[in-house]
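The values are calculated or read from the model by the stated rules, or taken from the named source; none is laboratory data. Everything numeric here is computed off the predicted structure, so don't read it as measured data. Neighbour counts run over all protein chains shown; Cβ positions are idealised from the backbone, glycine included. When the accessible area is computed, the model is the full protein with side chains, heavy atoms only, and any ligands, DNA or RNA have been set aside. Shrake-Rupley method; radii C 1.70, N 1.55, O 1.52, S 1.80 Å.
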There are 2 protein chains.
Amino acid sequence: MQERALKTSPEPMEVSDRDMANAVRALAMDGVQRANSGHPGMPMGMADVATVLFTRFLKIDPAHPDWPDRDRFVLSAGHGSMLQYALHYLVGYPDMTAEELKRFRQLGARTAGHPEYGHASGIETTTGPLGQGISTAVGMALAERLANARFGDELVDHYTYVIAGDGCLQEGISHEAIDLAGHLRLSRLIVLWDNNSISIDGPTNLSTSLDQLARFTAAGFDVQDVDGHDFEAVERAIARARQSDRPSLISCRTVIGKGAPNLQGSEKTHGAPLGEAEIAAARELLQWPHAPFEVPEAILDRWSEVANRGGEARRRWSARLEASPEAEVFRRTLRKELPDTLFEALDAFRREHVEKATKVATRKASEMVLGVVNNLTDLTIGGSADLTHSNLTVTKGMEDVAAKDFSGRYIHYGIREHGMAAAMNGLALHGGIIPYGGTFLVFSDYARGAMRLSALMGQQVIYVMTHDSIGLGEDGPTHQPIEHLAMLRATPNLTVFRPCDIVETAECWEIALRQQDRPSVLVLSRQNLPMLRLGHSSTAPAVLGAYVLREPGTARDVTLLATGSEVEIACAAAERLQADHGIAAAVVSMPSWELFEEQTPEYRRSVLGTAPRVAIEAACRLGWDRYIGENGAFIGMNGFGASAPAPELYRHFGITAEAAEEAARRLVR
Amino acid sequence: MQERALKTSPEPMEVSDRDMANAVRALAMDGVQRANSGHPGMPMGMADVATVLFTRFLKIDPAHPDWPDRDRFVLSAGHGSMLQYALHYLVGYPDMTAEELKRFRQLGARTAGHPEYGHASGIETTTGPLGQGISTAVGMALAERLANARFGDELVDHYTYVIAGDGCLQEGISHEAIDLAGHLRLSRLIVLWDNNSISIDGPTNLSTSLDQLARFTAAGFDVQDVDGHDFEAVERAIARARQSDRPSLISCRTVIGKGAPNLQGSEKTHGAPLGEAEIAAARELLQWPHAPFEVPEAILDRWSEVANRGGEARRRWSARLEASPEAEVFRRTLRKELPDTLFEALDAFRREHVEKATKVATRKASEMVLGVVNNLTDLTIGGSADLTHSNLTVTKGMEDVAAKDFSGRYIHYGIREHGMAAAMNGLALHGGIIPYGGTFLVFSDYARGAMRLSALMGQQVIYVMTHDSIGLGEDGPTHQPIEHLAMLRATPNLTVFRPCDIVETAECWEIALRQQDRPSVLVLSRQNLPMLRLGHSSTAPAVLGAYVLREPGTARDVTLLATGSEVEIACAAAERLQADHGIAAAVVSMPSWELFEEQTPEYRRSVLGTAPRVAIEAACRLGWDRYIGENGAFIGMNGFGASAPAPELYRHFGITAEAAEEAARRLVR
């Protein structure tokens, strides 16, 4: 704030909207120039629209950036990050100083190349990969309605605004997102499309002839088309959009790089600094004589009205919260507090099924666990990408979320894996929700873009991915994951769980529920799996990532490592080795490599042992060499799967107790 | 064919269209019932539409299934595979016998759970993952126009027909595909939408309210809406669509499971056998008294007219080919013959740049190689997902492909990575084209679904993926690949190349061009890399996947393994180790793990050596343990990247010659 006060205006001036927008333009072109890297075209093109949005509508309080009832602003066209940083500086977010603008794109700066969630306050989500912002915003707008249905207009009543570019709207994920938004009539979602007819290769008509307005209308949006440099027209459009009973698209016709006299309107302004000469010429054209990063006080004063308006709104809201009988529940929800009764119930659940030796598919086990969880907390919001009865993600009494009634807790995401994952990111970011959603593991391929962002942002999103191997059988190689476990394990900050039975499934769910700072993937079988745990333990061993499930009576001759459905095979192999050959084999279940890697070296050594090791997993080998070592063996898949009943496939691909036994014998020999 | 003749009709019968369609229905429900697995609803619902398409329009010759000028039929709703198998049996594809229908979904059958390319003739592409078929078909329809522009109507004049379901149209990839198809006015593309208002969770209105006709109109399609059980209406619609100057969508309103009296219209018919009782009731309703898998000869006779008509057309076409001066070129194109001059030129290119010690980014090297390649063959069709001047995929003289002129060779795929990959699959499957397309490596996330199908189908599609690490710098973690190399290496039947300099880049391109039976990914740097090869070799060592780039003068103390931009770091570390510590370090460049794994164990041992090993790669560790062994070290990324200039990031994340030197010293000590 100090720095802002240092800016001086040489004489009193009348501040126009144009001046306010030009402050954004100047900061953007200066920031990019100084970094010698970045994207000036979009911020300069959308400066006018953003100025209208922020000064006349956006409900934020920069001094309390996490105020729950703030409007959400999502810069889906994340390459235009200087637009957001400039706006944040101008409205006075305390952490967005002029110094930060000068450090644009430098190591450790809040002003990263693309807006990074957590780097600076007010950045509601990480954007950059195109289409993610608009799709995440759909989840935010949905979360607003879900929270509104619980807590009412008094406590939850805000909008989600998105600035999206042509790239966002060309990406397939945008189709999934807007179809879902239109279906659910998320009328608090307002998308401002930077319709500048330019993409990186040149004019958008090199690659598209789409009628976007007609397309959004088809998806159930209210659409408008305005001159994005006409302040009053933009204001009227946003005002109308706020009144619509549908989500809105406002096509803002703009000139990319507006203000750069020789380059505006060209793709040349998209992704490179304008250069000193062009910036000087722009300063002339914009009548902006001020030095780089300097904004006259009078202009800053007018910008500070945003914070004043927002602060006032926040104080009124806080008073309502204090007066509300729901205040404590509201706060507890935001903290995502799970009741002790839930964990006690899960402990009882595990005890019960150890005793009963329940044999079910782990997807079924997951459903049973969810039956317990969803009864004892309403933080969980479930859903599936049109595979509800395959993923087994709905539990008794869960009502559907629908356009006319947001009091339900189950979302039919449609055949939209990518859109689902992004929407779940939005639900999680909005707060007070633990979203989980299902699809087949193989279709993590379709959701990768958004799953990566769950991990990068450290959001508690739980992916329920069933049909996890050739064990799904007849649907064949297009449906049988091979490389997907490796792909997920390779992703930083993502916990992958592949439980072997109902008890491990319950443990993995519990860990996923407790772990608020990162996403989890539960990788679950279609086929039934026996209960393998020998007795109940209150300290769930799955939290260690891997543990010895069977230790032989004598010193180990060999250690068999496995996950999920292959742990059963390992146990069978161990028994055969002992019975037929007197070979002492330990069995290690490894439900989560990530958690195992977090244990002490001593623990890891004790689990893996010093005897030769055989790993068994119905997936590709990549990654396993770390655990089997140079002299170990791997029993798994060497290529794609096939269409046949599951037991035949296991035999055909040689993933059997016999094969494990044989491999172990060769190593021990 | 023999089996077909065994079918007998008890008495002469008048065969109606309905009878012909009911043959499809009966075979589909019987096939699924026998397999006790599969999807009867879609084949029964679309039997009438498919019967009209096959009997009145589709130009195929089952005796010559690969006839180049055949129409392409793509079952995008691949779960309805029994529809395709039944049709193939009825029209007399020799390899689709009744026995195969009875072996539906069994190991080794041609009748896999979903249509698998290469399993049976006439299957033009693998489908199952929703949206892939329609998007691949866009590539096929585009390939038809490209070939037509080269060879004229005499030799290339056919349609691409697609049957797509609600799932295909909800998936995001469909948006990318239809936008591209509409833009390029691919009027030979006709999509028949199985508009049955049912998806797996139930009625489609659980999750969508989209106006599909308006949506396709917005994308530039001609659209029609017909009763899918009205043969004449369907015929009129297809006839009109064939005349349109735009791609077509025909909404065929159907009843899922049509013919099953108690289940039709319900999602219950989607993915499970109908059961014996319902099948018996369906036989009554359909007036189909014949035993399972039996089709009366009179009905088969009428179905055989498809082959007669197609055979006649093929013979006329063959005569035209024989008479054409282009015949030899046409055949050579189909064989994808690359001229010797091309490989000679690449050899000369490598020699030249070894001598010059050319220092360029490998993306730039790729552009230079393409300059040579594209001049000497016109099999290559290039493109990029709106990153042309970043991926450097266009070369001098390449004209854009456009709706008004298909004689060009460069495709602006738009901001549509997934659609691009699927379209490239279609280009490759159609034949006579080696498609390559560019995006940033991190956006392989967006293209995964279709890339996996390139690999599963063994199609020669070349992915040019640049900006391959934190070396891209300021764009930050959303743009910096970490897990992507592991993800791609984990994918079966895909060759991943990460060359270290211009010479290796040329070698990798050459391998990718020669390798007709699988896709390749060229993983290329944004930043400049020095030429590291010490001398020219006519036998390009990159074909071995990994090779010793620097062997110390004395026995190795340590071996440094690296790929791409990190090979330079390994070389610097080796020099420092020798100079400062007298440690003899070998440097191994590993441009392709897959090719290295194909070498003999002896070769692999000789490359890796017995000394301790340090691997250096600016990516995640997953997979590297295989090469570094239990006592080796890894220098790379442990989490996501950051936004800063590239050299700073390398220092910040400790991927430096100093770090490699230190790790090596610790191992040798």
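Remarks
- Taking other residues whose beta carbon is less than 15 angstrom from the beta carbon of B:Arg665, and scoring Lys, Arg as +1 and Asp, Glu as -1, yields -1.
- The contact residues of segment B:438-469, meaning those that lose at least 10 Å² of 1.4 Å-probe accessible area when all protein chains sit together rather than their chain alone, are B:Phe443, B:Asp445, B:Tyr446, B:Arg448, B:Gly449, B:Arg452, B:Leu456.
- By the compact-protein rule of thumb, 2.2 N^0.38 Å, the alpha-carbon radius of gyration of segment A:272-329 corresponds to a ratio of 2.03.
- Interface B-A: total buried accessible area of about 8000 Å², 1.4 Å probe, protein heavy atoms only.
- Extreme residue, positive dipole direction of chain B, given options B:Ala486, B:Ser244, B:Val191 (C-beta unit charges): B:Ala486
- Centroid-to-centroid separation of segment B:521-554 and segment A:250-307 [C-alpha atoms, Å]: 46
- Förster radius 25 Å - calculated FRET efficiency between B:Gln243 and B:His64 (Cβ-Cβ, nearest 0.05): 0.35
- Set of lysines near A:Lys404 by C-alpha distance (under 20 Å), chain-local residues within fewer than 8 positions excluded: none
- Cα gyration tensor, the protein assembly as shown - rounded (a/c under 1.5), prolate or oblate: rounded
- Inter-copy separations for B:Asp245, label at 7 Å along Cα-Cβ, nm, ascending: 4.2
- Rounded to 5, the percent of DSSP beta bridges in segment A:17-317 classed as antiparallel: 10
- Taking all protein chains into account, the per residue accessible area for segment A:500-556 stands at 34 Å² (1.4 Å probe).
- Annotation: the antiparallel percentage among DSSP beta bridges lying fully within the protein assembly as shown is about 15.
- When you filter the chymotrypsin sites (Phe, Trp or Tyr not before Pro) in segment A:616-669 for DSSP loop state and at most 13 other Cβ atoms inside 10 Å of their Cβ, nothing is left.
- Residues of segment A:324-420: accessible area per residue with a 1.4 Å probe, Å²: 42
- Chain A, accessible surface, carbon-and-sulfur percent (1.4 angstrom probe): 48
- Here's how it looks for B:Val74: its modeled amide H is under 5 Å from those of B:Tyr161, B:Val162, B:Ile163, which are all 5 or more places away or on a different chain.
- Probe 1.4 Å, accessible area per residue of segment A:17-317, Å²: 28
- Residues of segment B:628-651 that lose at least 40 Å² of accessible area (1.4 Å probe, protein heavy atoms only) when the other protein chains are present, relative to their chain alone, are B:Glu630, B:Phe640, B:Ser643.
- Cα-based shape type of segment B:340-523, given that a ≥ b ≥ c are square roots of the gyration tensor eigenvalues and the cut on a/c is 1.5: rounded
- Charge dipole (debye, nearest 20) of the protein assembly as shown; +1 at Cβ of Lys and Arg, -1 at Cβ of Asp and Glu: 1220
- Summed residue charge, Cβ within 13 Å of A:Gly473's Cβ, Lys/Arg positive, Asp/Glu negative: -1
- Here the relative contact order of chain A, from alpha carbon pairs under 8 Å that lie six or more residues apart, stands at 12 percent.
- Mean residue ellipticity, 222 nm, helices only, chain B: the sum of -39500 (n - 2.57) across DSSP H runs of n ≥ 4, divided by residue count and rounded to 500, is -13500 deg cm²/dmol.
- Remark on A:His412: its backbone amide H falls under 5 Å from those of A:Val401, a criterion applied only to residues 5 or more positions apart or on other chains, H modelled at 1.01 Å from N.
- Couplings for segment A:156-167, taken from phi via the Karplus curve 6.51 cos²θ - 1.76 cosθ + 1.60 with θ = phi - 60°, read 9, 6, 8, 10, 10, 10, 10, 9, 10, x, 4, x Hz in order; Gly and Pro are left as x.
- Pairwise centroid distance, computed over Cα atoms, of segment A:434-489 with segment B:348-368, Å: 40
- Across segment A:543-668, the relative contact order, built from alpha-carbon pairs under 8 Å that are at least six residues apart, equals 29 percent.
- Counting charges near B:Glu154 (Lys, Arg +1; Asp, Glu -1) among other residues having Cβ under 13 Å from its Cβ returns a value of -2.
- Residues whose amide H comes within less than 5 Å of that of B:Gly438, counting only those at least five positions distant or on another chain, are B:Gly383, B:Ser384, B:Ala385, B:Val464 (H built at 1.01 Å from N in the peptide plane).
- Principal axis extents of the Cα atoms in chain B, from largest to smallest and rounded to whole angstrom, are 94, 55, 48.
- Whole-number percent relative contact order across segment B:340-523, with pairs defined as alpha carbons under 8 Å at least 6 apart: 24
- Once the partner protein chains are put back, segment B:383-414 shows a loss of at least 50 square angstrom of accessible area, versus the chain by itself, at B:Asp386, B:His412 (probe 1.4 Å, ligands and nucleic acids excluded).
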